[in-house]
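Engineer: Starting off with a structure, shown below.
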Amino acid sequence: MFIELPREGKPVPAGLFTLDVDLGVGTFQYGLRYAKRPNAIAIDPVNLPLTAEKYVTRKNGGIFGILRDVLPDSWGRFILAKQLGVPFGTQQDFELIDLLSVNAVGALSFGKTPEKATARRDKPVTLPELAEVAKVIDQAMEDRELPPEVLHLLRQGTSLGGAQPKCTVVIDREEWIAKFTSSKTAVHYPGIEYATMTLAARAGIRVPEFRLASVAGRPVFLIKRFDRQDGRRLPFMSAFALSNLDIDELERGSYPDIATRMRKFVSQVREDHHELFRRMAFNMFVRNEDDHLRNHGFLFNGAWRLSPAYDIVPVPSGRRPQDAFHLSLQVGDQGSAATMANLLSQCQRFSLSREQALEIIDQVQEAVQGWEQEMNRAGVSGNDREAVRWCFEGFRQGM
């Protein structure tokens with residue numbers, strides 16, 4: 001396994017990862033030469049600290065959480081299946097490791113020998129090419145055959161997470177992620193995500209730079225990659241990796257547990273605790289029920305900090321007689337229930353008094369009150385606004 005470190009011209013070997021596919025057992029051990037580097041860091045500071053120990057896992061088929069972070073989600077797997085000519089859903093996680101590109105999140109890559117990382121380097125997509133990418137995405141979503149000469153346009157997004165169509169794009173020599181409308185969803189998300197991220201920034205949440213562009217007459221949400229800086233890949237770890245859970249244990253994912261584990265490695269614990277609580281509150285106020293462990297993360301840029309927020313999107317909902325809903329992660333004493341009592345129930349684990357927590361909640365509530373105006377500014381259609389209306393109004397009305 002290789003990692004890109006500051007002041008290094010290329011990825012350096014960090015350690016040896018082995019996987020017994022039949023037994024589903026993985027091992028990892030840092031290299032002695034790597035451990036002696038003055039700039040060496042642990043690839044996972046909590047579960048894989050920088051020691052001489054050989055680490056063993058049986059979770060996730062033997063693939064450590066920090067390694068699973070770089071594997072593609074459903075969109076990437078869909079495109080890779082098309083590229084390889086195999087049925088979607090038949091690829092195993094271990095088979096995807098050899099297909100990774102340097103577009104993957106964070107700074108890790110793989111190679112079969114310590115001499116050189118073998119992760120592929122796809123030719124970057126440029127802003128003028130996004131119209132062609134959008135066209136090819138439509139063809140892919142219609143399950144049409146894609147000739148090899150256009151598949152390269154979609155390979156950019158195969159190492160990125162999430163289910164929505166996306167690709168990496170270079171804008172002014174910096175890497176961004178372009179997220180497109182999917183023909184498989186009833187609503188068009190680019191404008192909705194842009195408006196929601198605008199509200200998040202207004203609520204005091206740290207967000208990357210983002211834009212809304214029109215490509216071939218359709219909106220595309222552009223978000224700057226925060227795990228890239230001056231051409232370098234920055235180490236990243238998801239809350240899924242931090243929590244050290246198996247993919248079948250996701251219901252145990254918990255905001256308070258993340259906050260507790262943050263005390264072990266985050267450099268600015270109090271500040272990032274408050275930020276995490278603010279995001280948890282915001283997810284309730286916008287009904288983001290997709291706030292799972294891979295949609296929270298940590299970035300190393302001289303020190304480990306909570307990364308900028310990403311993938312904050314309301315999950316469309318109509319008004320129902322029973323308006324209670326649940327987040328993906330556990331919140332407090334009432335589990336994952338999206339209630340004010342639950343939100344406040346364990347605020348001390350986020351280094352907050354009840355009064356401080358209420359102040360953050362008031363700031364979030366004030367920020368989201370202008371949701372409809374932001375949707376209008378983003379060009380969100382009337383039908384799509386109605387699809388998410390109760391996401392922005394339901395929790396506030398139920399307080």
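Engineer: When the residues of the range 11-42 are filtered to those that are in a helix (DSSP H, G or I) and either aliphatic (A, V, I, L, M) or touching an Asp or Glu at 6+ places or on another chain (Cβ under 9 Å) (or both), which remaining residue is farthest from G106 (Cα to Cα)?
Structural biologist: Filtering the range 11-42 for residues in a helix (DSSP H, G or I) gives 32-35.
Checking the rest, the ones that are also either aliphatic (A, V, I, L, M) or touching an Asp or Glu at 6+ places or on another chain (Cβ under 9 Å) (or both) come to 32, 35.
Numbers: L32: 23, A35: 20 Å.
Out of the qualifying residues, it is L32.
Engineer: Just one of the numbered conditions (1) out of contact with any helix residue (DSSP H, G or I) (no Cβ under 8 Å at 6 or more places or on another chain); (2) touching a residue at least 60 places away in the same chain (Cβ under 8 Å); (3) more than 18 Å from K112 (Cα to Cα) is not true of P11; which one?
Structural biologist: Of everything listed in (1) out of contact with any helix residue (DSSP H, G or I) (no Cβ under 8 Å at 6 or more places or on another chain); (2) touching a residue at least 60 places away in the same chain (Cβ under 8 Å); (3) more than 18 Å from K112 (Cα to Cα), P11 misses just condition (3).
Engineer: So which pairs qualify, if the first residue must be in the range 125-144 and within 17 Å of I177 (Cβ to Cβ) and outside any helix (DSSP H, G or I), the second must be of a type outside the set (A, V, I, L, M, F, W, C) and at pLDDT below 80, the Cβ gap must be under 8 Å, and the two must be at least 6 apart or on different chains?
Structural biologist: Sorted first by the residue in the range 125-144, then by its partner, the pairs are V125/Q156.
Engineer: Now a separate question. Suppose the filter is buried (at least 20 other Cβ atoms within 10 Å of the Cβ), out of contact with any helix residue (DSSP H, G or I) (no Cβ under 8 Å at 6 or more places or on another chain) and aliphatic (A, V, I, L, M); does L199 pass it? Lay out the reasoning, then the answer.
Structural biologist: Details: buried (at least 20 other Cβ atoms within 10 Å of the Cβ): yes; out of contact with any helix residue (DSSP H, G or I) (no Cβ under 8 Å at 6 or more places or on another chain): no; aliphatic (A, V, I, L, M): yes.
In short, no.
Engineer: How many of the residues making up the range 155-210 are of a type in the set (A, V, I, L, M, F, W, C), modelled with pLDDT of 85 or more and more than 18 Å from the chain's Cα centre (by Cα)? Full working, then the answer.
Structural biologist: Going through the range 155-210, the residues of a type in the set (A, V, I, L, M, F, W, C) turn out to be 160, 163, 167, 169-171, 176-178, 180, 186-187, 192, 195, 197, 199-201, 203, 205, 207, 210.
Next cut, modelled with pLDDT of 85 or more only: 169-171, 176-178, 180, 187, 192, 195, 197, 199-201, 203, 205, 207, 210.
Remaining after also requiring more than 18 Å from the chain's Cα centre (by Cα): 170-171, 187, 195, 199, 203.
Residues flagged as of a type in the set (A, V, I, L, M, F, W, C), modelled with pLDDT of 85 or more and more than 18 Å from the chain's Cα centre (by Cα) within the range 155-210 amount to 6.
Engineer: Regarding I192, is this residue crowded, with 17+ Cβ neighbours inside 10 Å, assigned to a strand (DSSP E or B) and of a type in the set (A, V, I, L, M, F, W, C)?
Structural biologist: Against the criterion (crowded, with 17+ Cβ neighbours inside 10 Å, assigned to a strand (DSSP E or B) and of a type in the set (A, V, I, L, M, F, W, C)), I192 does not qualify.
Engineer: Just to be sure before I move on: is M237 touching a residue at least 12 places away in the same chain (Cβ under 8 Å), of a type outside the set (F, W, Y) and part of a strand (DSSP E or B) in the structure I sent? Before the answer, list the steps.
Structural biologist: Values: touching a residue at least 12 places away in the same chain (Cβ under 8 Å): yes; of a type outside the set (F, W, Y): yes; part of a strand (DSSP E or B): yes.
The answer is yes for M237.
Engineer: A further question follows. Across the range 72-90, what is the number of residues that are closer than 15 Å to L100 by Cβ and not in a helix (DSSP H, G or I)?
Structural biologist: The number of residues fulfilling the criteria is 2.
Engineer: Select from the range 240-281 the residues that are without any contact (Cβ under 8 Å) to a residue 12 or more places away in the chain and more than 27 Å from H326 (Cβ to Cβ) and list them in ascending order.
Structural biologist: E271
Engineer: Okay, next question. Just checking, how many residues over the range 100-116 are of a type in the set (S, T, Y) and part of a loop (DSSP other than H, G, I, E, B)?
Structural biologist: 1
The values are calculated or read from the model by the stated rules, or taken from the named source; none is laboratory data. It should be emphasised that the depicted structure is a prediction, and the values quoted were computed from it without experimental measurement. We place every Cβ from the backbone using ideal geometry, glycine too, and count neighbours over all the protein chains shown.
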